[in-house]
Each structure stands twice: as C-alpha cells, then as structure tokens.
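Novice: This is the structure I want to talk about, given as structure tokens.
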Amino acid sequence: MKKFFILLVLVVFAASINVDAATNTQAQKECLNILTNDHQDDGQSFRINLDSLGDMRNYGHDHLAKRIRVIREHLKNLGCKKNAVNFGWGSNGRSHNKCKKFDYNKAISRMCWIETNLGSFFVHEDNNDHMNIIFTRFD
C-alpha cells in the first residue's frame, strides 16, 4: 500500500509538470504572436512613455533592472502572460544581458541588450522620459 501511494504521488507530480510546461509553451506562442504581428514580422519597435507606467521605484545605477521592469510592464499591457517571457534564458542557455555607454561622458548614450527565451530586446532611454525598445525574435 505504501508503494502504491508513493507511485500515485509521483504520477500526479509528473502530470502537473506536463500541464505547467504546456501552459508555458502556449503562453510563449501567444506572446510571440503579439510581438511579431502573427509572424508577419521578425520583430517590432516600441516607444514607451515612462510616465504612463505609473510610479516606479528608483533603480539607481541598476539600469538593466529598470529596463527589464519597463519591458515586463509593456508586455503585460500588450497582453502577454507573466510566465511567457523568461529573462534568465536566451537562445543558447543562460541569457547574457548587458548595458553599455557608447560615449562614457554622455549618459544618453547607454544602450542595453536583453536576451529572453523569445528573442532579444535592444533598449535605449532618452532624455524625455521615454524608453525605445526594439524586439527581434530568435530563429
């Protein structure tokens, strides 16, 4: 009886993992459809007014975290589910995100490259409280 109970628990656990994976895959497909205009394009560009996102905490010098937060909020506004985009995984395993200034003396020159499971985001913040985002899907 004890072995049967353990087997039953394992079967239920395995079934729940498969359901979660199928749900995530469906959410990823739906979000990718949104980001690529139903696969008509390889990506899209967006201009987000930061004031429209409401109160955001001060991220200080953590430029990458701020940009990921803006992307998450924008994806939510587009209709993507929270679990659809994984910012920790890119096309080749762990994502390699990076922010860099092209001119060290000018903060406006900072660009960020953010990899996700669906594609990459190239992000630039201008001086007028806007963030410009370019999404490109992975092949």
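Novice: In segment 61-105, what percent of the accessible surface is made up of carbon and sulfur (1.4 Å probe, ligands and nucleic acids excluded)?
Specialist: Accessible surface attributable to carbon and sulfur in segment 61-105 totals 49 percent.
Novice: Here is a further query. Based on alpha-carbon centroids, what's the gap between segment 57-77 and segment 83-139 in Å, whole number please?
Specialist: That distance is 11 Å.
Novice: Let me ask another. Give the accessible surface of segment 22-139 per residue, rounded to a whole number of Å², with probe radius 1.4 Å and ligands, DNA and RNA excluded.
Specialist: Result: 62 Å² of accessible area for each residue.
Novice: Report the paramagnetic label zone for Ala107: residues of segment 67-89 whose backbone N is under 19 Å from a point 7 Å from Cα along the Cα-to-Cβ axis.
Specialist: 67-70
Novice: Sticking with this one: What order, most packed first, do the peptides 94-105, 77-88, 51-62 have when packing is the mean number of other Cβ atoms within 10 Å of each residue? Don't skip to the answer; put the middle values down first.
Specialist: Working: 94-105: 11.8, 77-88: 15.1, 51-62: 9.4.
Most protected by this proxy first, the peptides run 77-88, 94-105, 51-62.
The values are calculated or read from the model by the stated rules, or taken from the named source; none is laboratory data. Bear in mind the structure is a predicted one, so any value in this text is a computation, not a measurement. Here Cβ is always computed from backbone atoms with ideal geometry, including for glycine, and neighbour counts include all displayed protein chains. These area figures cover heavy atoms from the full protein model, side chains too; ligands, DNA and RNA do not enter into them. Shrake-Rupley method; radii C 1.70, N 1.55, O 1.52, S 1.80 Å.
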